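Visitor: Here it is, the structure, as structure tokens.
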Amino acid sequence: MENLVTMDLQATYQGKKVFLTGHTGFKGAWLLQWLRLLGAEVKGYALAPEQAEDLYNLLAGDTLCESVIADLRDAVRLEQEILSFQPDFIFHLAAQPLVRLSYEIPAATFTVNAIGTAHVLDAVRKLAKPCSVVLITTDKVYENKEWLYPYRETDRLGGYDPYSASKACAELVINSYTQSFFNPATFEQHQKGIASARAGNVIGGGDWAKDRIIPDIVRALRTSQPVTVRNPQAVRPWQHVLEPLGGYLLLGAQLAGKPLEYGGSWNFGPYAEDNKVVEELVQAALRIWGSGTYEKPVLTGQPHEAGLLKLDISKAVSQLSWKPQYTADAAIAETLHWYKFYQEEPAAIQQFTIGQINAFIPHED
Ligand SMILES: NC(=O)c1ccc[n+]([C@@H]2O[C@H](COP(=O)([O-])OP(=O)(O)OC[C@H]3O[C@@H](n4cnc5c(N)ncnc54)[C@H](O)[C@@H]3O)[C@@H](O)[C@H]2O)c1
């Protein structure tokens, strides 16, 4: 079976049209750069980048793709942009992705994440050509039982906070559209492969989001402040951003060849034994940065955050031949090296980012 090492992603994506939502975001900008290295023609659809230091800007994203700045909630515009482009692939990453923000804007989070996904699939219904569609949700779609066992794709969906629940809703939307409009039994008519990808927290250079641990660490280090660690004992499956993106690309490639076999949902996470508590991540980050301190304030009145969450990746490993390339330690090192390099040589960060992408996939020779 083909895997990330043996699969010729270039042969799959070279010259192909890829519609990428969320291209101005953290994961989207990495995927945009990777797709361009593979020779794809990319049209992006998202809101404008928020700050000068967003990875999209650092990579000169506007030179890498045709960039449409528009809202997922604008179904008419979204459909126009998809249909006029006639994509071979769609990667849907755009979302309101922050748990804490979802407590402030719950209804908008549901609209963007669940209805926005329906808008993408509505446009796909009208696309009269073969297309492979990978829709990105999250590991938080599972009903979190705070138990030791990793979650499998067949486990019950749930979600305590509005973000998690909105992504679980997106999964229900995807499942409903797949059964109703992209059913394997009628494949010859619709010619669509539809899959959802569930990955956990990712880390990597160029993330400046509020309330995410690595950006919080880097912001503190850059200003010589102590790092504030909110949930030091929370277990998280850390993985480098390139890990799930490699999974999405592999999944997209397999969907294009065998849409019926590779449809459905897929977990992408680190090996179970490679989970770390937040405090260990912070300690490793400070070691690599070479300076800095952290503190663990006693916080009261904080919104509920899930404590324990592991993904079972057996399905992706056995059926997709996908596997993590980096240990948690390597992922942390790659990430901190990116920020250190950016601190020292900001003008060369695109080349450094490309170097990290090229180094990520080991070559067979
Ligand atoms: N970063 C993580 O650790 C993580 C973990 C699990 C899942 N995810 C998922 O991966 C995807 C990308 O996350 P990210 O970390 O890059 O987030 P991000 O905030 O960096 O990027 C979000 C993207 O979505 C776009 N967007 C937001 N609201 C929109 C709207 N109403 N209309 C159009 N575009 C809109 C933004 O402009 C941006 O391009 C999301 O679906 C997220 O839920 C991320």
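The values are calculated or read from the model by the stated rules, or taken from the named source; none is laboratory data. All values derive from a computational prediction rather than experimental measurement. All Cβ positions, even for glycine, are placed from backbone atoms using ideal geometry, and neighbour counts span all protein chains on display.
Visitor: Of the numbered conditions (1) polar (S, T, N, Q); (2) assigned to a helix (DSSP H, G or I); (3) surrounded by fewer than 24 Cβ atoms within 10 Å (Cβ to Cβ), residue 117 fails exactly one; give the number of that condition.
Guide: (3)
Visitor: Then there's this: Go through segment 162-207 and give me each residue that's surrounded by fewer than 16 Cβ atoms within 10 Å (Cβ to Cβ), part of a loop (DSSP other than H, G, I, E, B) and among the hydrophobic types (A, V, I, L, M, F, W, C).
Guide: Those that are surrounded by fewer than 16 Cβ atoms within 10 Å (Cβ to Cβ), part of a loop (DSSP other than H, G, I, E, B) and among the hydrophobic types (A, V, I, L, M, F, W, C): none in segment 162-207.
Visitor: Assuming residue 103 fulfils every condition listed in (1) within 13 Å of the ligand (Cβ to nearest atom); (2) touching a Phe, Trp or Tyr at 6+ places or on another chain (Cβ under 9 Å) apart from one, which condition is it?
Guide: Just one mismatch for residue 103, condition (1).
Visitor: Still on this structure, please answer the following. Test residue 266 against the stated conditions and say whether it is in a loop (DSSP other than H, G, I, E, B) and either surrounded by 21 or more Cβ atoms within 10 Å (Cβ to Cβ) or touching a Pro at 6+ places or on another chain (Cβ under 6 Å) (or both).
Guide: Numbers: in a loop (DSSP other than H, G, I, E, B): no; either surrounded by 21 or more Cβ atoms within 10 Å (Cβ to Cβ) or touching a Pro at 6+ places or on another chain (Cβ under 6 Å) (or both): yes.
No, not satisfied.
Visitor: Check whether at least one residue in segment 243-263 is touching a residue at least 12 places away in the same chain (Cβ under 8 Å) and under 20 Å from residue 49 (Cβ atoms), and report yes or no.
Guide: Looking through segment 243-263, at least one residue is touching a residue at least 12 places away in the same chain (Cβ under 8 Å) and under 20 Å from residue 49 (Cβ atoms).
Visitor: Quick check: is even one residue across segment 175-192 under 20 Å from residue 239 (Cα atoms) and touching a residue at least 60 places away in the same chain (Cβ under 8 Å)? Walk me through how you get there before you give the answer.
Guide: Initial filter on segment 175-192 (under 20 Å from residue 239 (Cα atoms)): none.
Looking through segment 175-192, none of the residues is under 20 Å from residue 239 (Cα atoms) and touching a residue at least 60 places away in the same chain (Cβ under 8 Å).
Visitor: Another one. When only residues in segment 89-100 that are in a strand (DSSP E or B) and within 11 Å of the ligand (Cβ to nearest atom) count, which is surrounded by the most Cβ atoms within 10 Å (Cβ to Cβ)? It would help to see each step written out before you state the result.
Guide: As a first pass, look at segment 89-100 and keep what is in a strand (DSSP E or B): 89-92.
From what's left, within 11 Å of the ligand (Cβ to nearest atom): 91-92.
Values: 91: 30, 92: 27.
The residue in question is 91.
Visitor: Since residue 159 meets every condition but one in (1) surrounded by 20 or more Cβ atoms within 10 Å (Cβ to Cβ); (2) part of a loop (DSSP other than H, G, I, E, B); (3) more than 10 Å from the ligand (Cβ to nearest atom); (4) modelled with pLDDT of 95 or more, which condition does it not meet?
Guide: (4)
Visitor: Could I ask something else about it? Residues in segment 76-120 that are hydroxyl-bearing (Ser, Thr, Tyr) and touching a helix residue (DSSP H, G or I) at 6+ places or on another chain (Cβ under 8 Å): how many? Full working, then the answer.
Guide: At the first step, the residues of segment 76-120 found to be hydroxyl-bearing (Ser, Thr, Tyr) are 84, 102-103, 109, 111, 117.
Okay, now just the ones that are also touching a helix residue (DSSP H, G or I) at 6+ places or on another chain (Cβ under 8 Å), so 102-103, 109, 117.
So the count comes out to 4.
Visitor: Still on this model: For residue 92, indicate whether it is at pLDDT 95 or above and touching an Asp or Glu at 6+ places or on another chain (Cβ under 8 Å). Walk me through it before giving the result.
Guide: Numbers: at pLDDT 95 or above: yes; touching an Asp or Glu at 6+ places or on another chain (Cβ under 8 Å): no.
Taking the combined requirement at face value, the residue does not satisfy it.
Visitor: Right, something else. Would you say residue 86 is of a type outside the set (D, E, K, R), without any contact (Cβ under 8 Å) to a residue 60 or more places away in the chain and surrounded by fewer than 17 Cβ atoms within 10 Å (Cβ to Cβ)?
Guide: Values: of a type outside the set (D, E, K, R): yes; without any contact (Cβ under 8 Å) to a residue 60 or more places away in the chain: no; surrounded by fewer than 17 Cβ atoms within 10 Å (Cβ to Cβ): yes.
For residue 86, the condition - of a type outside the set (D, E, K, R), without any contact (Cβ under 8 Å) to a residue 60 or more places away in the chain and surrounded by fewer than 17 Cβ atoms within 10 Å (Cβ to Cβ) - is not met.
Visitor: Still on this structure, please answer the following. From the set of residues in segment 239-263 that are farther than 20 Å from residue 207 by Cα and either not hydrophobic (A, V, I, L, M, F, W, C) or not in a helix (DSSP H, G or I) (or both), which is nearest to the ligand (Cβ to nearest atom)? Don't jump to the end; show me each part of the working.
Guide: Of segment 239-263, the ones farther than 20 Å from residue 207 by Cα are 249-263.
This time we only want the ones that are either not hydrophobic (A, V, I, L, M, F, W, C) or not in a helix (DSSP H, G or I) (or both), so: 252, 254, 257-259, 261-263.
On the way: 252: 15, 254: 20, 257: 25, 258: 25, 259: 22, 261: 24, 262: 20, 263: 19 Å.
Checking each candidate, the answer is 252.
Visitor: Mind telling me which of the residues 26, 19 ends up being more than 12 Å from the ligand (Cβ to nearest atom) and modelled with pLDDT of 95 or more?
Guide: On the way: 26 fails: more than 12 Å from the ligand (Cβ to nearest atom).
On inspection, the qualifying residue turns out to be 19.
Visitor: Something else: Would you check if there is a residue in segment 138-146 being more than 14 Å from the ligand (Cβ to nearest atom), outside any helix (DSSP H, G or I), touching a strand residue (DSSP E or B) at 6+ places or on another chain (Cβ under 6 Å) and under 30 Å from residue 235 (Cβ atoms)?
Guide: Yes; the residues of segment 138-146 include at least one that is more than 14 Å from the ligand (Cβ to nearest atom), outside any helix (DSSP H, G or I), touching a strand residue (DSSP E or B) at 6+ places or on another chain (Cβ under 6 Å) and under 30 Å from residue 235 (Cβ atoms).
Visitor: Considering only residues of segment 315-365 that are of a type in the set (Phe, Trp, Tyr) and under 21 Å from residue 36 (Cα atoms), which is surrounded by the most Cβ atoms within 10 Å (Cβ to Cβ)? Spell out how you get there, then give the answer.
Guide: Start the filter on segment 315-365 by keeping residues that are of a type in the set (Phe, Trp, Tyr), which leaves 322, 326, 338-339, 341-342, 352, 360.
From the residues that got through so far, the ones that are under 21 Å from residue 36 (Cα atoms) too are 338, 352, 360.
On the way: 338: 25, 352: 16, 360: 18.
Per the stated criteria, the residue is 338.
Visitor: Continuing with this model, one more query. Out of everything in segment 135-156 that is β-branched (Val, Ile, Thr) and surrounded by 23 or more Cβ atoms within 10 Å (Cβ to Cβ), what residue ends up being farthest from the chain's Cα centre (by Cα)? First the steps, then the outcome.
Guide: So the first thing to find is which residues in segment 135-156 are β-branched (Val, Ile, Thr), and the list is 136-138, 141, 154.
From the residues that got through so far, the ones that are surrounded by 23 or more Cβ atoms within 10 Å (Cβ to Cβ) too are 136-138, 141.
Values: 136: 6, 137: 8, 138: 8, 141: 14 Å.
Only one residue tops the list, namely 141.
Visitor: On to the next question. Go through (1) more than 20 Å from the chain's Cα centre (by Cα); (2) over 30 Å from residue 118 (Cα atoms) one by one and return the number of the condition residue 261 breaks.
Guide: Unmet condition: (2).
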